[in-house]
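Trainee: Got a structure for you, questions after.
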Amino acid sequence: MASGDYETHEHDVIVIGAGGAGLRAAIEAAAQGVSVGLVCKSLLGKAHTVMAEGGIAAALGNVWPEDNWQVHFRDTMRGGKMVNNWRMAQLHAQEAPERVLELERWGALFDRTKDGRILQRDFGGHRYARLAHVGDRTGLEMIRTLQYHGIHQGIDVYMECKIERLLRDGDRVVGGFGYWRNTGKFVLFKAKAVVLATGGVGKAWKVTSNSWEYTGDGQSLALWAGADLIDMEFVQFHPTGMVWPPSVRGILVTEGVRGDGGTLRNKSGARFMFNYIPEFFKGETADNEAEADRWYEDKKNNRRTPDLLPRDEVARAINTEVKAGRGSPHGGAFLDICTRRPADYIRKRLPSMYHQFKELADVDITKEPMEVGPTCHYIMGGVRVDADTTAATVKGLFAAGEVAGGMHGSNRLGGNSLSDLLVFGRRAGLYAALYAKDFGGQHTVDSGQVESIARTMLEPFSRSGGENPYAIQADLQDIMQELVGIIRTEAELKEAAKKIEALKQRAAKARAEGGRAYNPSWHTALDLSSLLTVAECCTLAAIERTESRGGHTREDHPYTDDTWGKINVVIRQKQGALQLAREPLPEMPAELRTLFQERT
Amino acid sequence: MPTVAMQVFRGDGGGGEFKSYRVDFDEGMVVLDVIHRLQATQARDLACRWNCKAGKCGSCSAEINGKPRLMCMTRMNLFTPGETISVAPIRTFPLIRDLVTDVSYNYEKAKQIPPLRLKPPETDGTYRMMQEDIDRIQEFHKCIECFLCQDVCHVIRDHEELKKSFAGPRFFIKLAGLDMHPLDTRDRSEFVKGQAGVGLCNITKCCTEVCPEHIHITDNGIIPLKERMADGFDPIVWLLRKFRGQRKA
């Protein structure tokens, strides 16, 4: 072929992405006795999971025996403002404890209770202290445990390898085509089943806690292969990212700071969250400082501090305080733990935060408050999947973790991501392996399809006088930040859609300099197609949903609307064009509905 | 806007050289920010590996003014105004391009380490571990696998012929962590002496000095491993350690 050779690897299952979900999927598929290839953009162990801080939500009941899967399920649904896929939320709450204990059996060392069991910490929206954790570096412990367990399971790992397109044979996905980052050479993976575990889309925004990898690869691969996406309007802005200095703006400050006693204050020192308790959470939230402070020790007789309302509520509150001129000097809010907990406790519980502020901002968090503000953190929407099997709406394709939609509804609770990765990563590996075993006959990869993808991939090298791909990416980040942020209006969203359209024209002229070996300008040029695709999906879905709910706030439609509470916005691609549809949410069975009838 | 003079290594396995650039920089920037600005404005194909930009993933290791560091955690205000800053790839591993090296040696070593072999659970099917018994191992688990310790280790850096029989400081703390793990029942002493080659380490503590996570690699990891090897393997002492945990300071 004109564009050069490619090597071919064949597996029963390939897993794309090696964070928590991808590793767990690969481990499970291998346990089923099928051949597994794990393909990841970065080195093994560097995926975004490594940055997760606070913990893994699981109703182990080690700290509060009253906790159980029903309470966790209920917290998750309420946190998501009831538009979660109920079955995913149920499976997640039921299976998370066993997934955590399994990590322990694979060598993970969580912080302990006094009697030697796994300690659990408080987090936003969770009724009981529920997060298994290791200080504030839980994601590192999780990925390292899965990584070191995984490398002994006979999985073939393809590191620094990027899949550009999925391949289809008739109505089935049968593999993927991409390139090695090191050499720029092409590589074809043939597989009976493909698991997407590629994470999120946060690199489309300017202020984000997400790394360069979060360019919406999996959502786009699925869409282009004919699968449905849902809920793409629901984007989580984590309330507490660093705001100063400018170069670190967006880096995450764990919710564990508030879980461990920290409180938000405005510039006059007031604990403003008491002014932002929504009707929906009034019954379970303390309305005065004394009760809020007592709650940390006595959850039976006190209601939860509003500092730990779900993330969407806290992010909006900080946004409002700043806009009203009550923010901190660099446009955030103060997060104070230094006046509330002893220095030793802070250093022991939050070592990474201590280190991060000390090294990057010259702030000693045991002596001074932090300055924090919202940062784009997570997308609740993603590939539409079957709850039990994680199967996408195209045969042979499965999705787990952040790339999948539905589990978290309109807003994810902190701690529910790591547990999601484990629960649905395992399910994806299991059902992809079973699908591969059942797969009858031959699958063929059409070489014409492959050659056309390869040609498109090399185009950035042959464009003369083209656009700077980094500049296009930066412009997109500005557009999304300004126009598709925490607070949205139809006019701004439509303007964003128009500007994204213009950026697509520019991206078609993006030019890579230099050769194919480890060339970030080429990689950035290629990533623009997925980044622009997910940005467009978020924007169009946000225009469609004319209400405010969770991670989607419309200034022109400020209330939550019950009619929308029964609807998913679905996006699919037909003949190269995006189509939006409003489709009914799966309906929760009566026995689970009764869980929502009690007072709080 | 102030500018800074940079010397950045450009090249590949076939050779290369430092190239001079002058880059704008803002308050609070780290070296990785400057490299990114350089990429976006002057050297689009400049290869550098990075992920989290928050000191948590260990991808952006480089030698900055000759010192092994994470680019994302090296603030520009560390340097004297007007000073030229040089950025080079970590030297111990084969160069791929510019600032990116082939660190597959480390992944091969990782795979050789005999994994956890679990003891039977308590009667309720779960495990108990006391915090004081895992404090030391949790310190080792802070490792972000930046491989800076491997980069400065004299055995790996200067003795190509020994690489085959030497695991390096990153994996000594991995081994020490497994050895001290309250749930583990595997004896790795042959491996530690043999394939991992702990005897080759002469405790210069270079690894500890460059660790961005401030892990006491030598004192808390390598020296206890060496002591164990010197003691010889005493199954009774070993069993007692497993059951009692590691309580000594």
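Coordinate-derived values only; no laboratory data. A quick note: this is a predicted structure, and the numbers were derived from the prediction, not measured. Neighbour counts run over all protein chains shown; Cβ positions are idealised from the backbone, glycine included.
Trainee: Sticking with the crude label model, points 7 Å out along Cα→Cβ, report the distance from B:ARG186 to A:LYS267 in nm, one decimal please.
Mentor: 5.8
Trainee: With r as the distance between the Cβ atoms of A:ARG294 and A:THR594 and R0 = 35 Å, compute the FRET efficiency 1/(1 + (r/R0)^6) and round to 0.05.
Mentor: For A:THR594 and A:ARG294, the calculated efficiency is 0.70.
Trainee: In whole angstrom, how long is each semi-axis of the equivalent ellipsoid of segment B:45-141, when you take the square root of 5 times every eigenvalue of its Cα gyration tensor and sort them from largest down?
Mentor: Those come to 39, 19, 11 Å.
Trainee: On to the next question. If you take every DSSP beta bridge whose two residues both sit in segment A:467-600, what share of them, in percent to the nearest 5, is antiparallel?
Mentor: Beta bridges within segment A:467-600, antiparallel portion: roughly 75 percent.
Trainee: Ok, one more. Working out 0.36 nm times the residue gap between B:LYS19 and B:GLU227, then minus their Cα-Cα distance, what length gain in nm do you get to one decimal?
Mentor: Once the chain is fully extended between B:LYS19 and B:GLU227, it gains 70.2 nm.
Trainee: I need to check one value: relative contact order of chain B, counting alpha carbon pairs closer than 8 Å and at least 6 residues apart, in percent.
Mentor: Rounded, it is 17 percent for chain B.
Trainee: Which aspartates and glutamates have a Cα less than 16 Å from the Cα of B:LYS163, not counting those fewer than 8 places away in the same chain?
Mentor: Counting by Cα, and skipping residues close in sequence, B:LYS163 has these aspartates and glutamates nearby: B:ASP102, B:GLU108, B:ASP151.
Trainee: How about segment B:15-114: which chymotrypsin sites (Phe, Trp or Tyr not before Pro) there are in a DSSP loop, with at most 15 other Cβ atoms within 10 Å of their Cβ?
Mentor: In loop regions of segment B:15-114 (DSSP not H, G, I, E or B), the sparsely surrounded chymotrypsin sites (Phe, Trp or Tyr not before Pro) are B:PHE79.
Trainee: Can you list which of the GluC sites (Glu not before Pro) found in segment A:498-600 are DSSP loop residues with at most 10 other C-beta atoms within 10 Å?
Mentor: A:GLU587, A:GLU598
Trainee: Could you tell me what percent of the DSSP beta bridges with both partners in the protein assembly as shown are antiparallel, to the nearest 5?
Mentor: Looking only at bridges with both residues in the protein assembly as shown, the antiparallel portion is about 70 percent.
Trainee: Cα to Cα, under 22 Å, and not fewer than 8 places away if on the same chain: which lysines meet these conditions relative to A:LYS41?
Mentor: Hits, sequence-local ones excluded: A:LYS162, A:LYS185, A:LYS190, A:LYS192, A:LYS203, A:LYS206, B:LYS53, B:LYS56, B:LYS109, B:LYS111.
Trainee: I need to check one value: relative contact order of segment B:17-102, counting alpha carbon pairs closer than 8 Å and at least 6 residues apart, in percent.
Mentor: 27
Trainee: Now a separate question. Setting aside same-chain residues fewer than 8 positions from A:LYS499, which aspartates and glutamates have a Cα under 15 Å from its Cα?
Mentor: A:ASP475, A:ASP478, A:GLU482, A:GLU490, A:GLU536
Trainee: When N is the residue count of segment B:104-244, what does its C-alpha Rg come to as a fraction of 2.2 N^0.38 Å?
Mentor: For segment B:104-244, the normalised Cα radius of gyration is 1.05.
Trainee: Where does the longest stretch of chain A lie that holds no trypsin sites (Lys or Arg not before Pro) found in a DSSP loop with 10 or fewer other Cβ atoms within 10 Å?
Mentor: Between exposed loop sites, the widest span is A:368-598.
Trainee: I'd like the distance between the alpha-carbon centres of segment A:1-46 and segment A:103-125, rounded to an integer number of Å.
Mentor: 30
Trainee: If each DSSP helix of 4+ residues adds -39,500 (n - 2.57) and the sum is divided by the residues in chain A, what number results at 222 nm, nearest 500 deg cm²/dmol?
Mentor: Estimated from H runs of four or more residues: -11000 deg cm²/dmol.
Trainee: Residue by residue through segment A:81-86, what is 3J(HN,Hα) from phi via Karplus (6.51 cos²θ - 1.76 cosθ + 1.60, θ = phi - 60°)? Round to whole Hz and write x for glycine and proline.
Mentor: In residue order, the calculated couplings are 6, 6, 9, 5, 6, 4 Hz.
Trainee: Classify segment A:237-376: rounded, prolate or oblate, from the alpha-carbon gyration tensor (a ≥ b ≥ c, eigenvalue square roots; a/c under 1.5 rounded; otherwise prolate if a/b is larger than b/c)?
Mentor: Taking the square roots of the gyration eigenvalues as a ≥ b ≥ c, segment A:237-376 is oblate.
Trainee: Let me ask something else. Hey, quick one: spin label on B:HIS214, modelled 7 Å out along Cα-Cβ, who in segment A:356-394 has an amide N within reach, i.e. under 13 Å?
Mentor: A:356-360, A:364-366
Trainee: Between B:ARG97, B:ARG44, B:ARG69, which gets the highest mean-square fluctuation from a Gaussian network model of chain B, Cα cutoff 10 Å?
Mentor: Result: B:ARG44 has the largest fluctuation of those listed.
Trainee: While we're looking at this one, here's another question. With labels modelled as points extended 7 Å from the Cα through the Cβ direction, what inter-label distance (nm, one decimal) is found for A:THR444 paired with B:GLU108?
Mentor: It is 4.1 nm.
Trainee: What nm value, rounded to one decimal, do you get for the distance between A:ASP156 and A:GLU490 when each label is placed 7 Å out toward the C-beta?
Mentor: 5.3
Trainee: Let me ask something else about it. Assuming R0 = 56 Å, what is the FRET efficiency of B:GLU132 and A:GLU587, from their Cβ-Cβ distance, to the nearest 0.05?
Mentor: It comes to 0.65.
Trainee: Against the globular-protein guess of 2.2 N^0.38 Å, express the Cα radius of gyration of the protein assembly as shown as a ratio, rounded to two decimals.
Mentor: 0.90
Trainee: What FRET efficiency, computed as 1/(1 + (r/R0)^6) with R0 = 30 Å and r the Cβ-Cβ distance, is obtained for A:ASP556 and A:LYS348, rounded to the nearest 0.05?
Mentor: 0.05
Trainee: Compute the relative contact order of chain A as a whole-number percentage, counting only Cα pairs closer than 8 Å that sit 6 or more residues apart in sequence.
Mentor: Once divided by the residue count of chain A, the mean separation gives 21 percent.
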